[in-house]
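Notes to accompany the following structure.
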Amino acid sequence: MPLDPFDLRRWYQPLRVVDVCDALDGIGWFDRGLLSPDIRPLWPGIRFWGVALTVRCVPANRPMWPLGSTDDIVNAHGIWFMEMGNQDVAGRIRPGHVVVTDTGGSGEVGFWGSANSLAAVASGAVGIVTDGYCRDTGELCLQRTPVCSRGRGRTIIPGRIEVVEVDGRIGCGGAQVCPGDLVGADDDGVVVVPLAVAEEVAVHARAILLADMRARRGLYDRLGMPPDATVDYEAAEAYFAGLDA
C-alpha cells in the first residue's frame, strides 16, 4: 500500500532538521535533500514539517505594460494574470502542505508577500519555501507566517515571473523536490526527505532525537539548569508511543 505522506508527517513533528540530516547520512544519503544554506527562515523560531506541493516558475519574457489609471495599478496582478494566464496553487493546497517554489533563476521579485502567503496558510499550508525572494517582510514577521526564502525583495510579479507548472518535480536550492516529499525547516535551515526513504529516516531520526534529549537533560541536571521542552524526553517518548499504539 502506498505511503500517505500526510499521515507520515506526524512522525516528523517533534524532530529537528539536524536529526533528519543525521538519519539521512546514516543511510548513505549524504547531503541529498539539503537546500542551500542561503534559503533561511525569515524569522527566528520558524519550525514546520509538511508535504511538498511544488511550484515551478520561469522569468517572464514580456515586460509589464504601462497602466492607465490608479485603479489599474492597484489591480496590476489581476490584469497581468488575465493577459498572461496563471496557475494558482490555492485550490490545490491541503492541510499539511509546504509550498516549495522554484523561481527559475528569476531576478528580484517578491513572489511571496504578506497577502498571498497568508492565504496559503489559511488554505492549510504549514510552510512556504522559495529559492527566490519574499516581500512585505515586516508584515510576514508580524503575522508569524512561516516563510523560508533566499532573500528579501521589493518588486511584484507582473512583468518578472510566471508560473509554468504546479505539482511536478523541481529543483530548489540545489535539491530535487518531488510532490509528496517531506519538507522540514527550523532555525538551522531546510531539508527535503524523499518519500521513498521517509519512513526509514523517521525511525532513525526519532532515536537520534531521544538520545540527544536524554544526554542534554543529564547536563541540565548537572549544571542546575531548569528543564525546558528541548530536554523533555518523557513527553517526546509519550508522543511517539501514542503514534505506535
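Every number here is computed from the coordinates shown, using simple stated rules; none is lab data. Only a predicted model underlies this, so the values are computations on that prediction, with no experimental measurement involved. Note that we place each Cβ from the backbone using ideal geometry, even for glycine, and neighbour counts take in every protein chain shown.
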Report task. Taking the Cα centre of the chain as origin, work out the dipole magnitude from +1 charges on Lys and Arg Cβ and -1 charges on Asp and Glu Cβ, in debye rounded to 20. Result -> 320
Requested in this report: Can you bin region 61-105 into rounded, prolate or oblate? Criterion: square roots of the alpha carbon gyration tensor eigenvalues sorted a ≥ b ≥ c, rounded for a/c under 1.5, prolate for a/b above b/c, oblate for the rest.
Outcome: prolate
Query raised in the report: Hey, fewest Cβ within 10 Å first, where do Met82, Met213, Met64 land in order?
Result: Met82, Met64, Met213
Query raised in the report: How far is it, in nm, from the label point at Tyr239 to the one at Arg152 when both lie 7 Å from their Cα along the line to the Cβ?
Result: 3.0
Query raised in the report: For Thr145, what is the net charge nearby, where nearby means another residue's Cβ is under 15 Å from its Cβ and Lys, Arg count +1, Asp, Glu -1?
Result: +3
Query raised in the report: Looking at the square roots a ≥ b ≥ c of the eigenvalues of the Cα gyration tensor of region 176-245, which shape do they give, rounded for a/c under 1.5, prolate if a/b is larger than b/c, or oblate?
Result: prolate
Query raised in the report: Lys/Arg Cβ at +1, Asp/Glu Cβ at -1, dipole of the chain taken about the Cα centre: which of Leu210, Pro158, Tyr239 is farthest positive-ward?
Result: Pro158
Report summary line: So the FRET efficiency between Arg222 and Val58, C-beta based with R0 = 45 Å and rounded to 0.05, is 0.20
Query - Distribution of pairwise C-alpha distances over the chain, 10 Å bins, in % - result: 7, 30, 32, 19, 8, 3, 1, 0
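Please state the relative contact order of region 33-193 as a whole percent: Cα pairs under 8 Å, 6+ residues apart?
42
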Query raised in the report: For the residue pair Asp232 and Ile73, what label-to-label distance in nm results when each label sits 7 Å from Cα along the Cα-to-beta-carbon direction?
Result: 5.2
Requested in this report: Give me the distance between the Cα centres of region 116-168 and region 31-100, rounded to whole Å.
Outcome: 5
Query - Normalised convex hull volume, region 1-128, alpha-carbon set, Å³ per residue - result: 164
**Report entry** Candidates Arg56, Arg222, Arg32, ranked by Gaussian network fluctuation over the chain, Cα under 10 Å, top entry
**Finding:** Arg222
**Report entry** Most positive-pole-ward Cα, Leu118, Asn75, Phe6, against dipole of the chain from beta carbon charges
**Finding:** Asn75
Query raised in the report: Exposure proxy check: His204, His97 ranked by fewest other beta carbons within 10 Å?
Result: His204, His97
**Report entry** Cβ crowding within 10 Å averaged over residues, with 141-149, 34-42 ranked highest first
**Finding:** 141-149, 34-42
Query raised in the report: Roughly how many nanometres apart are two label points built 7 Å out from the Cα toward the Cβ at Asp7 and Val164?
Result: 3.7
Requested in this report: Note the angle between two axes, namely the Cα long axis of helix 195-223 and the longest principal axis of the Cα atoms of the chain, as a number of degrees from 0 to 90, rounded to the nearest 10.
Outcome: 60
Query raised in the report: Once fully extended, how much extra length lies between Ala115 and Gln143, figured as 0.36 nm per residue of separation less the alpha-carbon to alpha-carbon distance?
Result: 9.1 nm
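Mind ordering 234-245, 157-168 by average Cβ neighbours within 10 Å, highest first?
Packing proxy ranking, top to bottom: 157-168, 234-245.
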Query raised in the report: Which order results if Trp43, Trp80 are arranged by neighbouring Cβ count within 10 Å, fewest first?
Result: Trp43, Trp80
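How much net charge surrounds Gly45 when only other residues with a Cβ under 10 Å from its Cβ are counted (Lys, Arg +1; Asp, Glu -1)?
So the surrounding residues net to 0.
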